[in-house]
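Take a look at the structure below.
The values are calculated or read from the model by the stated rules, or taken from the named source; none is laboratory data. Predicted model, so just to flag it, every value in this text is computed and none were measured. Cβ atoms come from the backbone with ideal geometry, glycine included; neighbour counts cover every protein chain shown.
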Ligand SMILES: Cc1cc2nc3c(=O)[nH]c(=O)nc-3n(C[C@H](O)[C@H](O)[C@H](O)COP(=O)(O)OP(=O)(O)OC[C@H]3O[C@@H](n4cnc5c(N)ncnc54)[C@H](O)[C@@H]3O)c2cc1C
């Protein structure tokens, strides 16, 4: 079969691959780009509207981010807003509403007030809401089902009106459609094309799909979720990393229990968000609670056992990985968190266990108000670093410097898709001696 040649091949049609496809099409002079996707549509896994919490993570209400992480995230979060406003996607798949992080009880209240002082310069719009104000703007976090006020102190820090919610599945579609509209460029998308092997041959890469199709490229970027590390390992790269897939599930309500996003104080040791409540774009803004966090021996959700063998290869199990996992389990906070999240998935008890914990946020919630959200959720490809012997808190990008990059993007990977695309587009252009129009990129997408 004749091979197809492209300047750049991107593996994976989630939001990361699609954002790079867009960035190269619009802001570089690279002529031909292919996006190769395993399934029959874009964004069917973590990037789908059902796969994540639909949050533009800005760093203002995510209490597990340090100030420097928040600065970094704020820049990329604003790229999402700028992109959507540029193309008129507000109220189509990007929505504005109130959002806040709440501290419950004296210790957390004090923590939130201190955090506000530290973060207010970076986020000057943040406001502090005391209990009286919360009764007006988010009453369901104050009163129980009998109308009694919660006894402990509570404080919210947030903003009343900001673009905070995006259906990232719809955004993925838009990125690809807009890339394909750029004149004088060959931007092709191939579905049902799982890349099985990637081999370097001289200055080029040869990619073979499970169907036997062959592609060649001068540069390859692998944005295949947890499978990025799987493909990296198969080429001898990223051997100092292992992947721990952590699934997240949700509970949905039939009504609007919250007016906006409400986050709880997060444990800084954990890379996963603490439970929160969000208005769901796909459910007419009904409140969705979650996500849970459960380590799974599988790289993809809702595809049966098909990726279990890939999990074992990608975990890269040896003494070092066992030590990282053992150390995690040794920590009392982390161990309790893991066990609690395990209970959230056990039939018959899961709903009650989840309700007990989420009632801390919304005291009036009853068992009949929530339902396990079937078909919602995804897998976060958390990275275990064997050199530093620890679980990495964020994303990982493997760039051996020879024309190939592999990206693993757990949360907030959807928020940082354009930021990662900017980074990778620059690397691709510099390697290929092509132009990246940084001025235009900054003018259109970056808030200075
Ligand atoms: C429960 C949960 C909640 C989250 N909440 C948020 C949030 O609120 N905000 C936020 O910013 N981020 C959030 N995230 C993170 C965010 O969803 C991900 O970082 C982002 O979707 C990753 O996109 P991706 O394109 O890198 O990966 P994916 O969406 O996983 O896409 C990878 C693509 O590669 C394809 N693929 C895999 N292997 C191959 C192969 N061999 N050949 C061809 N194609 C292949 C897959 O089919 C898939 O389409 C959340 C994640 C989870 C799981």
Taking residue 354 and the conditions (1) within 16 Å of the ligand (Cβ to nearest atom); (2) over 20 Å from residue 243 (Cα atoms); (3) surrounded by fewer than 17 Cβ atoms within 10 Å (Cβ to Cβ), which numbered condition does it fall short on, given that it satisfies the others? (3)
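Quick one: is residue 70 touching a residue at least 12 places away in the same chain (Cβ under 8 Å), farther than 30 Å from residue 215 by Cα and assigned to a helix (DSSP H, G or I)?
yes
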Residues of the range 259-282 being within 15 Å of the ligand (Cβ to nearest atom) and either surrounded by fewer than 19 Cβ atoms within 10 Å (Cβ to Cβ) or part of a loop (DSSP other than H, G, I, E, B) (or both), in sequence order, are 260, 266, 270, 271, 272, 273, 274, 275, 280, 282
Just checking, does the range 74-95 include any residue being within 12 Å of the ligand (Cβ to nearest atom), modelled with pLDDT of 95 or more, surrounded by fewer than 24 Cβ atoms within 10 Å (Cβ to Cβ) and part of a loop (DSSP other than H, G, I, E, B)? no
Specify the residue that is surrounded by the fewest Cβ atoms within 10 Å (Cβ to Cβ); the eligible residues are those in the range 5-14 that are in contact with a strand residue (DSSP E or B) (Cβ under 8 Å, 6 or more places away or on another chain) and in a loop (DSSP other than H, G, I, E, B). 12
So, of the residues in the range 15-58 that are near the ligand (Cβ under 10 Å from one of its atoms) and part of a helix (DSSP H, G or I), which turns out to be farthest from the chain's Cα centre (by Cα)? 20
Enumeration of residues in the range 375-396 that are away from the ligand (no atom under 11 Å from the Cβ) and either in contact with a strand residue (DSSP E or B) (Cβ under 8 Å, 6 or more places away or on another chain) or farther than 23 Å from residue 63 by Cβ (or both): 375, 383, 384, 385, 386, 387, 388, 389, 390, 391, 392, 396
Counted residues, the range 400-448 - those being out of contact with any helix residue (DSSP H, G or I) (no Cβ under 9 Å at 6 or more places or on another chain), within 16 Å of the ligand (Cβ to nearest atom) and in a helix (DSSP H, G or I): 1
Condition set assigned to a loop (DSSP other than H, G, I, E, B) and under 23 Å from the mean Cα position of the chain (by Cα), scope the range 362-385, selection surrounded by the most Cβ atoms within 10 Å (Cβ to Cβ): answer is 376
Kindly provide the set of residues from the range 223-239 that are within 11 Å of the ligand (Cβ to nearest atom), buried (at least 19 other Cβ atoms within 10 Å of the Cβ) and over 17 Å from residue 191 (Cβ atoms), ordered by number. 226, 228, 229, 230, 231
With (1) assigned to a loop (DSSP other than H, G, I, E, B); (2) surrounded by 17 or more Cβ atoms within 10 Å (Cβ to Cβ) as the list, and residue 348 as the residue in question, which single condition is left unmet? (2)
Name, by its number, the condition in (1) part of a loop (DSSP other than H, G, I, E, B); (2) under 26 Å from residue 36 (Cα atoms); (3) within 14 Å of the ligand (Cβ to nearest atom) that does not hold for residue 247. (1)
Yes or no: residue 256 assigned to a helix (DSSP H, G or I), away from the ligand (no atom under 12 Å from the Cβ), surrounded by fewer than 22 Cβ atoms within 10 Å (Cβ to Cβ) and more than 19 Å from the chain's Cα centre (by Cα)? no
